[in-house]
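For reference, the structure discussed in these notes is given below.
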Amino acid sequence: MSTLTALARAEAVAVGQAQRITTVRHLHVADRPLVFIPLSMAGEANAPLAALVGTVPDDPRLLVVPQPRNRDQRFGFAAELAEVLLPYLDSFRGVTEAVAANRGKEVRYRYVDAPQVLVPNSAGIGFVRMFGRSTRFRRTDGDYPVQPSVPLLGQWLTFLADRAEHPGSGMLLAMTEALGLHWATGQSALEDAHLAALLAWIDPADGLSGADAAVVAEDPLRWPPAGPATDPTFDNEMLAPAMAAYQEAVGSGDEVRRSRARGVLEEAVRSQLGPTWELMWRGVSLLRELPVGSRVPGRWAEDRDVFSTFTLYVDGGGYPQPRRDGAVNAAQRLHRLERALQSYAVQRAYDDPLVMADHRLTGEAFVGEVTLADAHRIDDSGKRRVLRPRIQVTTGDVVLVTAGAVLHSPSRPGQKARVVFVTPDPASGRTDVVLELSGGLGRSLSPAPGSVPEVGDRLCYTTLSDSFMPPGEFPSREETPWTHGGPPKAYEEPVEPSVDDAREEWS
Amino acid sequence: MSSSGLLMPRGGAGRLVLPPGEAARRVIGEVLADLHSGDHRGVVVDSPPGAGKSTLVVRAAGELAEAGEPLIVIAQTNEQVDDLIDRLAQAKPELPIGRLSANDYTATDRIKNYSTVRVAAKVADLGGSSVIIGTAAKWALVPEGRWPWAIVDEAYQMRSDALLRVAGRFDRALFVGDPGQLDPFSTVETERWTGLTWDPMQSAVAALLRHNPELPVHRLPVSWRLPASAAPVVAEAFYPFTGFSAGTTAAQRSLSFTAAGFGGGAVDEALEMAAATGWALYELPARHTLRTDGEAAAACARLALRVLERGAVAVSERSPGGAPVTADRIAVGAAHRDQVAAIRAQLGAAGDGITVDTANRLQGREYDVVIVLHPLSGRRDATAFHLEAGRLCVLVSRHRHACVVVARAGISELLDAHPSTEPVHLNVPVRFPDGWEANQALLGHVARHRDMNSTAVSLPSPGIQ
């Protein structure tokens, strides 16, 4: 936890209400997100019990598995979920836009919008990943055939879960994490994982303090757990009897009795899902109220790119994602994630002075006033005379950068500032930093108007750089070196699921 | 940490019957014989702290190059590359060496003076060089070319994915490194690869040996850095299955002070203890503190400065007549960067030249006296980060003469309250030594070098941080 977040948490305790830790919203909130609240059955690994899913607050669709231990019913649930999810995904495959690729030599197309799936918490993301794993290798023929939509659903769920690991992506988000990125509460991280308690701190009911509202939110009768795990008391007192009654009704062969028993069961799980559904949409509107950060659309464009690429793969009959990453794929993926994490951290700081303030505290950034400026300074020490304006920035921040370091200013992208002198003044506690500017000055030997800061300007300079990082080079999969086991084996590659895959033990 | 030593019989200092110099020579001979035989695609050499790893790399590089085998050397940091070039150019004044470096690299003074060393950003510009040396990150950007031999230095610091990116550049390789040092890390969640033999988070050597278990693994048996007082302790705590011995005897190394200690109190007593026995524990009263514990930082700084004030003199096989312990021969090590900043602030101008750094950055370096701020000092909990055996191992194996550990009392109780809870994963080799056990072993030893008075009178009573 950063220093300022720790402070905000302490303040939240003192004030009794959650504190904002950002000035802007750092993630994309779609116009038409799909909210998905899965429940699983206790004691069975990732066995779906029920889900509430939909894109409109007042029209949730309830999916129920009356007997989660039954394999056919489980994949019947998958088919029902596919009926909702696949048309939702397809609805974004309309309008495309042209994007220049390969330095403008080529053009590729991407969809102008992309799907966004919201689950209540990170365990919900785990459910998506596991359910994708259990459905993507199923076959539509042979033993245990499933509906054709089921393996397709599995590929998409796996795609979304993989995307959720990607820092800065907004295609599959956990509401608790999305809110926690913007607010600090006065409770522990464990308590923050409970959506009702987290929202109680952020947006308490009338007249209550956040702390009191969070205590109320702990009542599992009023605010059941947001899943996928259910409340054990509910399991014992409501779910188990309702399930048993349904089994009996099925056994009796009486259709009226069966449908009544199913109704009871549906009401029982709806009572567990309904309150969370409300909270999810409250979370969505709270996030929407925040002004969006300027680099968020750029990251969403990346999501749209990835979505467009994957639709092409699926349309081309692409096989399901392999069970495990091969050596080269694993290394490439790690490299991509690390780059994304770094760039996401830098972009958030650039977008948000409050995030940048954390870097100012650690000495990676400072904010100061321009006290001297020589906009027309020419450096003629090299072969060619070049324009190298110098400015002096005076700051009260801690300056830990040293001469020679290259800095950037969030408000002046494309311009580098090399540190020439750092002169602390112990008497005033202020530091003078002399910077030499290059880039973004225009082509002539006199600077373009506005390209050099003027005396009196207040600027932030930081060692964080938002400039393009070239992706790393990796051997092709076939060239996996001997140090890493040589070329990959079949199960590390996407292949058509076999008969054995269909028989896989998943029940 | 390597799994490679798992199946070795328990050794220890007593195992060696040969004199240390001879034992080390034999191992180096075996390594070179394996290289020349051409029977193996890879040879691994495990080297405990200060066991002459660089000497081996320089010698192997020199011999391979002189045998006419074009060779590349892959190191992990620019500093390591410059170190190797410096030593290789001294050892083989005729050998043309190429330094592969980034576009914005400017040659350091150390390597500028060698006429045999050329610096370039592209392999094509280093045509005449018999040996080309660069960092793993730079080699990863070289798209083609294949050399008969590579030497991978500090291979345990290298991540498996970094090896994957450069392994296409060589046919055979010598991997040299210290298995007891810090494991590579990542800032992102890497759980999805746990258990895979090519898990990109393992060290390069771990991945190499899991795919090629038949490769010969040699171990350098003698630490020339650690004194006789430290080698057995470090070997037992961090290298329990392979062990190593000190290359020098207790009589060859001594530390003394030219100025008497008046008024230094507990600080002086700790230093006297360290000078006499090689170890000292400077214990502060038990307390839970912030990570930047002001008292502990002050204590580290005072101990380091006091070594200077009292004019410490180190007698060793290098300088039998005694050499003054100057600021550049003293280091203070801590776990976190903010602790390093706090200690440096406490040192002030008087401590100019004293190295203060984190364990990660002290890897591979050597000093006469090292002050260690114990990673668990003042903590409420013992996380995997703070328990990591490699971290403690780096901190307590940098010294040639004495090591002073600064810690809040209560660490053994903390360890007892936080037994290792790391999950066990299928298909992941068990890691030895376990950080918890290594911490207990080291603490058990150092605690015997506690000055009984220090706790009571160390510093003014704690205030609000």
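Please treat every number below as a calculation from the coordinates, not as lab data. The shown structure was predicted, so the numbers you read here are calculated from the model rather than taken from an experiment. Using ideal geometry, Cβ is built from the backbone for each residue, glycine included, and neighbour counts are taken over all protein chains shown.
Label A:ARG385 and B:THR187 with points 7 Å out from Cα along Cα→Cβ: what is the distance between them in nm?
Once both label points are built, they end up 4.3 nm from each other.
May I ask what percent, to the nearest 5, of DSSP beta bridges between residues of chain B are antiparallel?
Numbers: 7 of 60 bridges.
Restricted to chain B, the bridges split so that about 10 percent are antiparallel.
If you scale each eigenvalue of the Cα gyration tensor by 5 and take the root, what three semi-axes come out for chain A, rounded to whole angstrom and sorted largest first?
Values: eigenvalues 510, 188, 65 Å².
For chain A, the ellipsoid semi-axes come out as 50, 31, 18 Å.
Convex hull over the Cα atoms of the stretch A:408-485, averaged projected area in nm²? Don't jump to the answer; show the numbers that get you there.
On the way: hull surface 40.8 nm².
Over all viewing directions, the stretch A:408-485 projects a mean Cα-hull area of 10.2 nm².
For A:HIS376, put the label point 7 Å out on the Cα→Cβ axis and report which residues of the stretch A:428-454 keep their amide N under 17 Å from it.
It comes to A:442-454, nothing else.
Report the gain in length on full extension from B:HIS336 to B:THR421: 0.36 nm times residue separation, minus Cα-Cα distance, nm rounded to one decimal.
Numbers: separation 85, 0.36 × 85 = 30.60 nm, distance 2.23 nm.
Extending this stretch completely gives an extra 28.4 nm.
If the cut-off is 23 Å between C-alpha atoms, which lysines fall inside it for A:LYS416, apart from same-chain ones fewer than 8 positions away?
Leaving aside lysines fewer than 8 places away in the same chain, those within reach of A:LYS416 are A:LYS383.
Please list, in order along the stretch A:113-127, the HN-Hα scalar couplings obtained from phi with the Karplus expression 6.51 cos²θ - 1.76 cosθ + 1.60 (θ = phi - 60°), rounded to whole Hz, x for Gly and Pro.
9, 9, x, 9, 9, 10, 10, x, 8, 5, 5, x, 5, x, 4
Output the Kirkwood hydrodynamic radius of the stretch B:257-336, Cα pairs only, in Å rounded to one decimal.
Working: mean 1/r = 0.0716 Å⁻¹.
Here the Kirkwood hydrodynamic radius works out to 14.0 Å.
Please sort by residue number the trypsin sites (Lys or Arg not before Pro) in the stretch A:204-297 whose DSSP state is loop and whose Cβ has at most 16 other Cβ atoms within 10 Å.
Values: sites: A:ARG222, A:ARG257, A:ARG258, A:ARG260, A:ARG262, A:ARG270, A:ARG282, A:ARG288, A:ARG295; in loops: A:ARG222, A:ARG295.
Passing sites in the stretch A:204-297 are A:ARG222.
Relative contact order of chain B, please, whole-number percent, based on alpha carbon pairs below 8 angstrom and at least 6 residues apart.
Numbers: 948 pairs, mean separation 84.6, N = 465.
Relative contact order here is 18 percent.
Restricting to the protein assembly as shown, compute how many DSSP beta bridges are antiparallel as a %, nearest 5.
Working: 56 of 115 bridges.
Of those bridges, close to 50 percent are antiparallel.
Is there a simple number for the mean count of other chain Cβ atoms within 10 Å of the Cβ of residues in B:198-204, and what is it?
On the way: counts 14, 5, 11, 2, 0, 0, 2.
Per-residue shielding by partner chains comes out at 5.
Given contacts defined as C-alpha pairs under 8 Å and at least six residues apart, what's the relative contact order of the stretch B:293-441, whole-number percent? Show your work: numbers first, answer last.
Details: 228 pairs, mean separation 34.5, N = 149.
Answer for the stretch B:293-441 is 23 percent.
Roughly speaking, what is the centre-to-centre gap between the stretch A:70-146 and the stretch A:418-481 when only Cα atoms are used, to the nearest Å?
Distance between centres, Cα-based: 41 Å.
Just report the Cα centroid separation between the stretch B:144-179 and the stretch A:4-27, whole Å.
The stretch B:144-179 and the stretch A:4-27 have Cα centres spaced 47 Å from each other.
Kindly rank A:357-370, A:393-406 from highest to lowest mean number of other beta carbons found within 10 Å of each residue.
Values: A:357-370: 18.5, A:393-406: 16.1.
The densest-packed peptide leads the list: A:357-370, A:393-406.
Taking R0 as 25 Å, what FRET efficiency do you get between B:ARG380 and A:VAL215 from their Cβ-Cβ distance, rounded to the nearest 0.05? Please report the intermediate quantities before stating the final value.
Numbers: r = 26 Å, r/R0 = 1.03.
Using R0 = 25 Å, I get an efficiency of 0.45.
What is the calculated FRET efficiency for A:VAL56 to A:VAL95, with r their C-beta to C-beta distance and R₀ = 30 Å, to the nearest 0.05? Kindly include the intermediate steps, with their values, before the conclusion.
Values: r = 22 Å, r/R0 = 0.72.
Plugging the Cβ-Cβ distance into 1/(1 + (r/R0)^6) gives 0.90.
Identify the residues of the stretch A:403-437 with backbone N under 17 Å of a label point that sits 7 angstrom from the Cα of A:ALA448 along the Cα-to-Cβ direction, or state none.
Only A:409, A:411-417, A:437 fall inside the zone, counting backbone N under 17 Å.
Based solely on C-alpha atoms, express the radius of gyration and the Dmax of the stretch A:30-109 in angstrom.
Rg and Dmax of the stretch A:30-109, Cα atoms, are 18.2, 56 Å.
Could you tell me which residue out of A:LEU63, A:LEU239, B:ASN439 lies farthest along the dipole of the protein assembly as shown toward its positive end? Charges go on the beta carbon: Lys and Arg +1, Asp and Glu -1, centred on the Cα centre.
B:ASN439
For every other residue with a beta carbon closer than 9 angstrom to the beta carbon of A:LEU459, add +1 if it is Lys or Arg and -1 if Asp or Glu, then tell me the sum.
Numbers: positive: A:ARG412, A:ARG458; negative: A:GLU369, A:ASP457.
Here the charged neighbours net out to 0.
Given the Cα-Cα distance of A:ASP141 and A:THR362 and 0.36 nm per residue of separation, how much length would full extension add, in nm?
On the way: separation 221, 0.36 × 221 = 79.56 nm, distance 6.01 nm.
Roughly 73.6 nm would be gained on extension.
Given R₀ = 56 Å, FRET efficiency for B:GLU63-A:ALA205 by Cβ-Cβ distance, to 0.05?
About 0.10, to the nearest 0.05.
First obtain the Kirkwood hydrodynamic radius of the protein assembly as shown from its Cα pairs, then insert it into the Stokes-Einstein equation at 20 °C and 1.002 mPa s, and state the resulting D in µm² per second as a whole number.
Numbers: Rh = 32.1 Å.
After rounding, the answer is 67 µm²/s.
Can you give the relative contact order of the stretch A:1-65 as a percent, counting alpha carbon pairs under 8 Å and 6+ residues apart? Walk me through the numbers before you get to the answer.
Working: 64 pairs, mean separation 12.6, N = 65.
After rounding, I find 19 percent.
Quick query: amide H of A:GLY227 versus all other amide H atoms, modeled in the peptide plane; which residues come in under 5 Å with a sequence gap of 5 or more or a different chain?
HN-HN under 5 Å from A:GLY227: empty list.
Across the stretch B:130-135, in residue order, what do the Karplus-derived ³J(HN,Hα) couplings come to in whole Hz, using 6.51 cos²θ - 1.76 cosθ + 1.60 with θ = phi - 60° and x for Gly and Pro?
7, 10, 10, 10, x, 7
Could you compute the longest span of chain B free of trypsin sites (Lys or Arg not before Pro) located in DSSP loops and having at most 12 other Cβ atoms within 10 Å, not counting the site residues?
Working: sites that count: B:ARG10, B:LYS122, B:ARG146, B:ARG318, B:ARG380.
That would be B:147-317.
For the stretch A:1-43, list residues with backbone N below 17 Å from a point placed 7 Å from the Cα of A:ASP305 toward its Cβ?
A:28
Can you list the chymotrypsin sites (Phe, Trp or Tyr not before Pro) in the stretch B:262-299 that are in a DSSP coil and have 15 or fewer other beta carbons within 10 angstrom?
In loop regions of the stretch B:262-299 (DSSP not H, G, I, E or B), the sparsely surrounded chymotrypsin sites (Phe, Trp or Tyr not before Pro) are B:PHE262.
Could you calculate the contour length gain from A:ARG477 to A:GLU44, that is, 0.36 nm times the residue separation minus the distance between their Cα atoms, to one decimal place in nm?
Numbers: separation 433, 0.36 × 433 = 155.88 nm, distance 3.69 nm.
Going from the current span to full extension adds 152.2 nm.
Each residue of the stretch B:390-399 in turn: what ³J(HN,Hα) in whole Hz from Karplus with 6.51, -1.76, 1.60 and θ = phi - 60°, glycine and Pro shown as x?
Karplus-based 3J(HN,Hα) across the stretch B:390-399 equals x, 5, 5, 4, 4, 5, 9, 10, 9, 9 Hz.
Please give, to one decimal in nm, the separation of the simple spin-label points placed at A:GLU267 and B:ASP39, each 7 Å out from Cα toward the Cβ.
Each label point lies 7 Å from its Cα, and together they span 8.1 nm.
Which lysines, on any chain, are close to B:LYS53 with Cα under 26 Å apart, when same-chain ones fewer than 8 places away are left out?
Once the sequence-local lysines are set aside, what remains near B:LYS53 is B:LYS92, B:LYS112, B:LYS138.
For the stretch A:434-507, run through the chymotrypsin sites (Phe, Trp or Tyr not before Pro) and keep only the ones in DSSP coil with at most 10 other Cβ atoms within 10 Å of their Cβ. Before the final figure, lay out each step's value.
Values: sites: A:TYR461, A:PHE468, A:TRP482, A:TYR491, A:TRP506; in loops: A:PHE468, A:TRP506.
Answer by residue number: A:PHE468.
How far apart, in nm, are the 7 Å Cα→Cβ label points at A:ALA10 and B:VAL428?
So the label points at A:ALA10 and B:VAL428 sit 3.5 nm apart.
Just tell me how shielded B:189-197 is by partners: mean number of partner chain Cβ atoms within 10 Å of each residue's Cβ, no decimals. Present the calculation step by step, with values, prior to reporting the outcome.
Values: counts 4, 5, 1, 8, 8, 0, 1, 7, 3.
Going residue by residue through B:189-197 and averaging, the value is 4.
Looking at chain B, identify the longest residue range that excludes and avoids all GluC sites (Glu not before Pro) in DSSP loops having at most 12 other Cβ atoms within 10 Å. Don't jump to the answer; show the numbers that get you there.
On the way: sites that count: B:GLU94, B:GLU144, B:GLU189, B:GLU214, B:GLU317.
With GluC sites (Glu not before Pro) excluded where exposed in loops, chain B gives B:318-465 as its longest stretch.
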